[in-house]
Each structure stands twice: as structure tokens, then as C-alpha cells.
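Bear in mind these aren't lab numbers, they're just calculated from the coordinates by the rules spelled out. Predicted model only: the values in this text are computed from it and were never measured. When we count neighbours, we look across all protein chains shown, and the Cβ atoms used for this are built from the backbone with ideal geometry, even at glycine.
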Ligand SMILES: [Zn+2]
């Protein structure tokens with residue numbers, strides 16, 4: 001299965017696609033991509049805000065992956 005970065009965060013204009021054998025793997029690949037390429041999104045946030053944003057992103061990605 002796969003998930004496109006622009007489906008996770010519309011407006012970023014990123015055409016990266018995460019691939020994996022199952023939802024957990026695609027999720028892990030996408031989170032690694034976000035940390036590597038889109039870390040600027042987290043700039044200026046407190047550790048508490050970052051932790052909350054990561055939780056929301058986890059739920060969002062797993063929600064998208066469970067639609068099929
Ligand atoms: Zn991206």
C-alpha cells in the first residue's frame with residue numbers, strides 16, 4: 001500500500017509517496033519522511049505542542065490508511 005504526502009498535508013505541494021507492506025510500515029515511512037523533510041513545520045513549537053502535533057499526525061495518517 002502507499003500514501004502520498006500531499007494527501008496527508010494538503011498545501012505542502014510535496015509529491016513524496018510512502019510505500020509499505022501494511023499500514024504500520026507506511027505510517028513509519030511517512031513519519032520518517034516528515035521528520036526529515038518537513039521538520040520546519042515543527043519549528044518554534046514547544047515540546048508539548050510537538051508531542052500533540054505528532055499524536056494528531058499519527059491518528060490522521062492511520063485514519064487515511066484504514067479507509068481502503
Ligand atoms: Zn513530504
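Here are some notes:
- Rounded tilt (10° steps) of 23-37 against the dominant C-alpha axis of the chain: 40
- Relative to the longest principal axis of the Cα atoms of the chain, the long axis of helix 47-65 makes an angle of roughly 10 degrees.
- Max-minus-min Cα coordinates of the stretch 2-65 on each principal axis give 34, 22, 17 Å, with the largest extent listed first.
- Site pair residue 62 and residue 9 shows an inter-label distance of 2.0 nm when each label is modelled 7 Å from Cα along Cα→Cβ.
- Order by protection proxy (mean Cβ within 10 Å, highest first), peptides 40-46, 22-28: 22-28, 40-46
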